[in-house]
């Protein structure tokens, strides 16, 4: 998502809690398969130390663009969870046509509007 900062650099920053937002571009004919694979991955992630929550969203009006919002206690927890061999093996089941764009965020406090 940020062309100037690769995901590999983001995951090395020691901060927490973090929100991992991943955008998935899915071919319309592959949506059912994507949902099946995503659900399986989410079940694995839910069991990982430091996992807090996840939520998948789909674009409206027939869109086949999805966004996942996952919360972890820290980048270190997310890194360990995403490097888990069981999770890594599941990634091979995704169709090659699916394009994912992940990015790691942290909350920003804006006085009177949002807390960190």
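Throughout, read-outs are computed from the coordinates displayed, never taken from laboratory work. Because the structure is a prediction, the values reported are computed rather than measured. We place every Cβ from the backbone using ideal geometry, glycine too, and count neighbours over all the protein chains shown.
Selection of region 43-63 for residues being within 27 Å of residue 116 (Cα to Cα) and in contact (Cβ under 8 Å) with a residue 24 or more places away in the chain yields 45, 48, 49, 50, 51, 52. Each residue in region 44-74 was checked for being surrounded by 14 or more Cβ atoms within 10 Å (Cβ to Cβ) and in a helix (DSSP H, G or I), and 2 pass.
Taking region 21-43 as the search range and keeping residues that are outside any loop (DSSP other than H, G, I, E, B) and in contact with a helix residue (DSSP H, G or I) (Cβ under 8 Å, 6 or more places away or on another chain), which one is nearest to residue 88 (Cα to Cα)? Per the criteria, the residue is 41. Answer with yes or no whether residue 39 is without any contact (Cβ under 8 Å) to a residue 12 or more places away in the chain, within 24 Å of residue 6 (Cα to Cα) and over 11 Å from the mean Cα position of the chain (by Cα). Here the answer is no, as residue 39 does not meet what is asked.
With respect to the conditions (1) in contact (Cβ under 8 Å) with a residue 40 or more places away in the chain; (2) not in a strand (DSSP E or B), residue 88 lacks only one, and its number is (1). Of all residues in region 91-116, those satisfying the criterion of being under 16 Å from the mean Cα position of the chain (by Cα) and assigned to a strand (DSSP E or B) are 99, 100, 101, 102, 103, 104, 105. Inspect region 1-19 for any residue being closer than 14 Å to residue 102 by Cα, touching a helix residue (DSSP H, G or I) at 6+ places or on another chain (Cβ under 7 Å) and surrounded by 13 or more Cβ atoms within 10 Å (Cβ to Cβ) and give the result as yes or no. Yes, region 1-19 contains a residue that is closer than 14 Å to residue 102 by Cα, touching a helix residue (DSSP H, G or I) at 6+ places or on another chain (Cβ under 7 Å) and surrounded by 13 or more Cβ atoms within 10 Å (Cβ to Cβ).
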